[in-house]
Amino acid sequence: NIRYKGFNTVKLPIVFEPTKEASENGERLRAAIDDLCRQAEKSVDDGYNYIILSDRFIDETHVAIPSLLAVSAVHHYLISVGKRVQTALIVESGEIREVMHAALLLGYGASALCPYMTYAILDDLVKRHKIQEDYATAEANYIKAVKKGLLKIMAKMGISTIRSYRGAKI
């Protein structure tokens, strides 16, 4: 939702259409990833400096490409064509729940994360009075816990910044 001069954002779906034949789905997944990588390169060429990889496009006929596979493929593809530094990769996924999910996505190239399903669950828990805080506090506590967990993971490896951790595949 950035509406500021110099910030151009595009949302790319990380989904594909499966078939009933399981043997064909591997090829469909591979083709979807190849297409995603080409779309990301075209987006950079078109001047988009923020690429959002989103699995919100799941429906009756589409399944998600695993977010770690998608971000890793796009990250390495953009490196191979010399365009990775021109854009940020943001992962918007329902898969992100735990600290390790965030750590893996950052470690394989994500610049930022949006765990929309986790936020929806927090909202539901607040509305049903299953937790004793308001939504803003619950969200802040979740973000704080993930940040502390990421710092702990990185500290064990002697890494002190997300920038050093991003894309390192550690």
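Among the residues of the stretch 25-36, is there at least one that is touching a Phe, Trp or Tyr at 6+ places or on another chain (Cβ under 7 Å) and basic (Lys, Arg)? Yes, the stretch 25-36 has at least one match. For the stretch 97-125, residues that are of a type in the set (Gly, Ala, Ser) and open to solvent by 30 Å² or more (accessible area, probe 1.4 Å) total 3.
May I ask you to list the residues in the stretch 74-87 that are crowded, with 18+ Cβ neighbours inside 10 Å and not in a loop (DSSP other than H, G, I, E, B)?
From the stretch 74-87, those crowded, with 18+ Cβ neighbours inside 10 Å are 74-75, 77-78, 84, 87; that's our starting set.
Scanning the stretch 74-87 gives VAL74, HIS75, TYR77, LEU78, ARG84.
Taking the stretch 126-144, which residues are among the aliphatic types (A, V, I, L, M) and either in a helix (DSSP H, G or I) or loosely packed, with under 13 Cβ neighbours inside 10 Å (or both)?
If we filter the stretch 126-144 for residues that are among the aliphatic types (A, V, I, L, M), which is where we start, we get 126, 131, 136, 138, 140, 143.
Result: VAL126, ALA136, ALA138, ALA140, ILE143.
Being at pLDDT 95 or above and open to solvent by less than 40 Å² (accessible area, probe 1.4 Å): is that true of VAL15 here? Spelling it out, VAL15 is indeed at pLDDT 95 or above and open to solvent by less than 40 Å² (accessible area, probe 1.4 Å).
Among the residues of the stretch 42-65, those that are exposed (fewer than 15 other Cβ atoms within 10 Å of the Cβ) and on the phi < 0 side of the Ramachandran plot comprise LYS42, ASP45, ASP46, PHE57, ILE58, ASP59, GLU60, THR61. When GLY82, GLY47, GLY107 are checked against the criterion of being touching a residue at least 60 places away in the same chain (Cβ under 8 Å) and small (Gly, Ala, Ser), GLY107 stands alone in meeting it.
Consider LEU113 carefully, then state whether it is free of Cβ contacts under 8 Å to residues at least 12 places away in the same chain and under 18 Å from MET100 (Cβ atoms). Outline the logic, then answer.
Values: free of Cβ contacts under 8 Å to residues at least 12 places away in the same chain: no; under 18 Å from MET100 (Cβ atoms): yes.
Spelling it out, it is not the case that LEU113 is free of Cβ contacts under 8 Å to residues at least 12 places away in the same chain and under 18 Å from MET100 (Cβ atoms).
Counting only residues that are assigned to a strand (DSSP E or B) and in contact with a helix residue (DSSP H, G or I) (Cβ under 6 Å, 6 or more places away or on another chain), the stretch 32-73 holds 2 of them. Applying the criterion of being of a type in the set (D, E, K, R) and within 20 Å of ILE79 (Cα to Cα) to the residues of the stretch 1-40, the residue that is nearest to the chain's Cα centre (by Cα) is LYS11.
The values are calculated or read from the model by the stated rules, or taken from the named source; none is laboratory data. Computed from a prediction, not measured in an experiment: that's the story for all the values here. All Cβ positions, glycine included, derive from the backbone under ideal geometry; neighbour counts span all protein chains shown. These area figures cover heavy atoms from the full protein model, side chains too; ligands, DNA and RNA do not enter into them. Shrake-Rupley method; radii C 1.70, N 1.55, O 1.52, S 1.80 Å.
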